[in-house]
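Chemist: I'd like to ask you about the structure that follows.
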Amino acid sequence: MLSFLTPLYLLAGLAILAPILAHLVRKRPREVMDFSSVIFLDASPPRLTNRNRIEHWLLLALRSLILLALALAFARPYLKTLIEQQTSAYPAKERILLIDTSASMRREGVWEQAIQKAKEYIANSQPEDSIAVVAMTDRIESLHSLEHSRQSGISERKILASKSIDGVTPTWLSCDLGQCMLQAMELLNDSRSDQETKTPAEIAIVSDFQSGNPLDSLGSIQWPQDIPIVPLVCQPKVPGNATISILPRTDDSSTAISENTERILVRNANRSKKDRFSLKWLDSDGKPIAAESQEVFVPAGQQQILVLERPTLESNGAQSPLVIELDGDDQWFDNRQYLYRGKKQKAKAICLDSKKRDPKDSLWYFAVRVPISQPSLDVQWEIFDPTEEFKESDHKDLRLVIASSDLSALWAQKLRELIENGLHVWWILDRPTGTLQGDQAGVDPARLEEIWKTWFPNDAVAISERTIDRFQLLQNIDMSHPMFSAFSDPKFNDFTKIRFWKHRQVQGLSSNDWRILANYDDGTPAIFQRPLGKGMVSVVASGWQPIESQLALSSKFVPIVVAMFEQASPLQQDPDYRCGERIPSQLALENWQSIVQQQSDDVGKELRLRDPQNDGVFIAPGIFKASDQEEFVAVNLSKSEGLTDPIDLEEFARFGIPIGQPTSPSNQPESVSRKNQLAEQMEASQGGWWWILLAVSIFAGLESLIAAWRTRHWASLSNNNR
Amino acid sequence: MNHSSLPESQKEVGSLWIDLKTLMAVRNLQWRAQKVVDGFQTGLHRSPKHGFSVEFSEYRPYCVGDDPKTIDWKLFARTDRYYQKRFEDETNRRCYLVVDQSKSMQFGSIAYNKYEYARTLAATLALFLLKQRDAVGAVAFDQHVSDWLTARFRTGQFQRILSILSKSCSGLSTDLVAPLEQIANLVKHRSLIVIISDFLVDPDLLHSPLSFLRARKHEVVLLRVLDPMELDFKSDKPVLIRDMESMAERFVDPIMVRESYKRKFDAHSNALQNVLSPLGIPFVDLTTTDPLELVLSSFLSTRQAPTGQRAS
């Protein structure tokens, strides 16, 4: 079968019209005829002669042949062979189109571009290809599966895929690009697992490729080299973006932050053209609380933390939710943060110690000076004398009891019940036992052992005073325990300055039951603890007051007491809910209603659950309230969504992922270019145009000869006529 | 009908007449005229229409109020009736042969041209009229009158006429207006004026001089001489046509222009006819292939026809 490499040149064959016309047009006669008058004559233009009047048929045929052959030679004809026909079939491709529907796609112009690029991609694919369309957030959601595409007719595939995009809108969720790519790759692998020769595959990603997208998960596997990705980058109309986030409250004492302040992080993208913004507080109705707003200057690519005083709004005696808004940014979608600081809870710590002694020699004097309050927990110290009565009302909110050697058996009995229900008790053996020098009487070890028996009846321990030469230090400290984990860093783990002048020795501890956190130099246990019911009993074999040791005066004392309390009452962070996060079980089944949301059209909608059984996640930012509860829930956009600077696509190459080019009408699919290559090779090997050129030169020679003969012939004829 | 051409039936029997080609091949104009007139007169006896004459004498009963001088008393003596005798002096009638010598007359697509035919015709007429004892004059003109010979009946008059007709065409264009006005001024007596030309001029221009001639009581006969090609413009290949008078050149493809030529030619003829009819001037179309005897015959029949020119 005859084919042409450059068939457009065949159009040049139309040039044969020129000689045909030239032959048809009659020449102006040379002879002049005298006539009586021309008044009855019209001048007539040179006209085409009739077809049967074409003169010089042979010359015309030769001239036409020359032009036709030239056009044919330029069109580079070649004969299609069987091999070429076999390779002409286009191998169908499996394509997965990932469409980013994360919140950052809400930026101006991005989503329109995304839809357009996705549709273009589908339109430019081959009809034989099967195309899956998948929405991508922090997970993938299939809109149109590969299987569905394969089962539909070839003519319908593109239409169905394109239709599945309609109605998709950006969500408020974040995007985990790496994870989604892996899942898409698995989809392709599953689809191709039963194929002997794997069909070509491709993953196209329509996204803004913001830098907040985590790609780390791509490093965990070897990406298959036969699946290239085609990035279709959507860019917003305005490149910059500023974002805010409320930093969590910490108990870090180094920052001078009071309870009524919030730390706001303002971050400006690299490409931003704006650097002046303002922050203002809004109430839950979206109205500004204060007239003035806080101005902030953040150059492009930088961030700044602002400490703002939180307005105290109360309604019905309860704290109201707040909104903080960033003004002056081009992109609105991440300019609001929702805040709800619930009521501060109250807690109590009791120090059981005799108040009769000199305060400097007593435990409580040092203990109550340690601030153990937490951001959401107001802790109060109370000092009880063991002789005082312990009322039921005192049990409330009790988290920690620090008891001295003065603890009475009655108290111990009362505490046992509380310990079993979760109370932590630190029993500090802060007084020497037995008979002391002079007339001073020590603590009776039998009483201590009796108390011990109250809590652990099966233990058979013997408590006695240890004789110390000069002082003892702590050793074998269990740095993995929460008590000491704060000191695990080599900078802080020097305990050699804490000297113990006196300490007790507890013998008969079962190492299975008791966890020893530290020993003294002489090997006797210094700090040890054992769970009892839900609670915990911890024993320190020495006091911390200066007559006993240097512990209370050391820099380690405050962290240790705080750690004691935190172990008893773990630190409660402010709840920080983000879109895409799982809804905690205590909120999951409630009927939530939004109070404030970013988009007006979302107001009033229920806090929807993606899957009511087990997959409930927050899907929109805002402030929500259950109809039957007083507390609010503030849900914010994922922090990563605000980081909108585009990533360098070379990042994918770093993970060894091949990057393909999008198919476009000008950029023919691989197979078409291969077909062209084959055609070129075949044409080159056949070399038909050389033969045609040879024919052209023969025709041209013949034409010249005939034309020359004719000219001479006419010349001789006209001479004869004269 | 004033406008006439030779009847086809007569043309068909053209072989009975002298072969024009042979006649024209002879240079002697007198011989040509002699031969035609002889042939015509021989044929005349065979013709069923004998007995006519250039002069038509007429007797009319006398009516009261007529001039008594016109009464033919001899006839009164014979018949005892009063008759008026008219055209008593017809034999002394004057005739002027006006021949166009412009360049366009030199055209001929056959062996001889229009002028050759025209002057042979003029010589024939001259000889024929002289034989009837009429006074004959000759006028040659192109854009103006170039030769003038007053009409006389005397010895050697025919030779003088021939000498004028023997001159070749020297003129450039046909301008009938000026020559006709000149003729009208020069011819004092009532005369028969025969104009032989191709009349390739604007017919409207002819109206005024011809009216002038008619107003001076002259009889006028127009003989239009045309080449056969001028009638139908039959040619097979395109040519560059050059006007013989104005020398204007025009490229013409006969196939394309034939129709329009015919249309324009007919329009011209009609226009000419429209000019002549009101004036009562007979008009004979001749082609150069028409036998001269027939032309002579046709001329005479024209003279016989009731044109109304006789009214004096």
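The values are calculated or read from the model by the stated rules, or taken from the named source; none is laboratory data. Nothing here was measured: the structure is a model prediction, and the numbers come from that model. Neighbour counts run over all protein chains shown; Cβ positions are idealised from the backbone, glycine included. Calculation scope for accessible area: heavy atoms of the full protein, side chains included, ligands and nucleic acids excluded. Shrake-Rupley method; radii C 1.70, N 1.55, O 1.52, S 1.80 Å.
Chemist: Among the lysines, select those whose C-alpha is under 16 Å from the C-alpha of A:LYS391, and discard any that sit fewer than 8 residues away in the same chain.
Modeler: A:LYS348, A:LYS414
Chemist: In whole Å, what are the Cα extents of the range A:345-568 along the three principal axes, biggest one first?
Modeler: Over the range A:345-568, Cα extents along the principal axes are 46, 42, 38 Å.
Chemist: Order the following by accessible area, largest value first: A:ARG712, A:ARG95, B:ARG27. Probe radius 1.4 Å; ligands, DNA and RNA are ignored.
Modeler: The ranking, largest first, comes out as B:ARG27, A:ARG712, A:ARG95.
Chemist: Enumerate the lysines that A:LYS280 could reach by cross-link, defined here as Cα to Cα under 29 Å, with residues fewer than 8 away along the same chain left out.
Modeler: Candidates past the 8-residue exclusion: A:LYS237, A:LYS343, A:LYS344, A:LYS605, A:LYS625, A:LYS639.
Chemist: Taking B:LYS21 as the anchor, which lysines have their alpha carbon closer than 18 Å to its alpha carbon, excluding any fewer than eight residues away along the same chain?
Modeler: B:LYS11, B:LYS35, B:LYS114
Chemist: To continue, here is another question. Using alpha-carbon positions, what is the distance between the centroids of the range A:298-364 and the range B:126-158, in Å?
Modeler: Cα centroid of the range A:298-364 versus Cα centroid of the range B:126-158: 147 Å apart.
Chemist: Whole-Hz Karplus ³J(HN,Hα) for the range A:66-71, in order, using 6.51 cos²θ - 1.76 cosθ + 1.60 and θ = phi - 60°, x for Gly and Pro?
Modeler: Once rounded to whole Hz, the list reads 4, 5, 5, 5, 5, 4.
Chemist: Show the residues, 5+ positions off or on another chain, whose built amide H is closer than 5 Å to the amide H of A:ARG249.
Modeler: Answer set, sorted by chain and number: A:ASP574.
Chemist: List the residues, sorted by chain then number, that are 5 or more residues from A:GLN345 or on another chain and whose placed amide H is less than 5 Å from its amide H.
Modeler: Amide H neighbours of A:GLN345: A:LEU377, A:ASP378.
Chemist: I need the phi-derived Karplus couplings for the range B:162-168: 6.51 cos²θ - 1.76 cosθ + 1.60, θ = phi - 60°, integer Hz, Gly and Pro marked x.
Modeler: In residue order, the calculated couplings are 4, 5, 5, 6, 6, 5, 7 Hz.
Chemist: While we're on this one: Ordering B:TYR59, A:TYR78 by accessible area with a probe of 1.4 Å, largest first, what comes out?
Modeler: Reading off the accessible areas and sorting them downward yields B:TYR59, A:TYR78.
Chemist: Estimate the FRET efficiency between A:GLN677 and A:ASN270 by the formula 1/(1 + (r/R0)^6), using the beta-carbon distance for r and 35 Å for R0, to the nearest 0.05.
Modeler: With R0 = 35 Å, the Cβ-Cβ based efficiency is 0.25.
Chemist: Between the range A:537-574 and the range A:117-175, what is the separation of their alpha carbon centroids in Å?
Modeler: 61
Chemist: Next up: Amide H to amide H under 5 Å from A:PHE384: which residues, 5+ apart in sequence or cross-chain, H placed 1.01 Å off N in plane?
Modeler: A:CYS351, A:LEU352, A:ASP353
Chemist: Describe numerically, in nm with one decimal, the distance between label points set 7 Å from Cα along Cα→Cβ at A:LEU2 and at A:ASP378.
Modeler: In this crude spin-label approximation the distance works out to 10.0 nm.
Chemist: Go ahead and run the numbers for FRET between B:SER260 and B:LYS217, Cβ-Cβ distance against an R0 of 41 Å, rounding to 0.05.
Modeler: Using R0 = 41 Å, I get an efficiency of 0.50.
Chemist: Ordering A:ARG504, A:ARG276, B:ARG160 by accessible area with a probe of 1.4 Å, largest first, what comes out?
Modeler: Greatest to least solvent exposure: A:ARG276, B:ARG160, A:ARG504.
Chemist: On to the next question. With every protein chain left in place and a probe of 1.4 Å, what is the accessible surface of A:TRP501, to the nearest 10 Å²?
Modeler: Probe radius 1.4 Å; accessible area of A:TRP501 about 90 Å².
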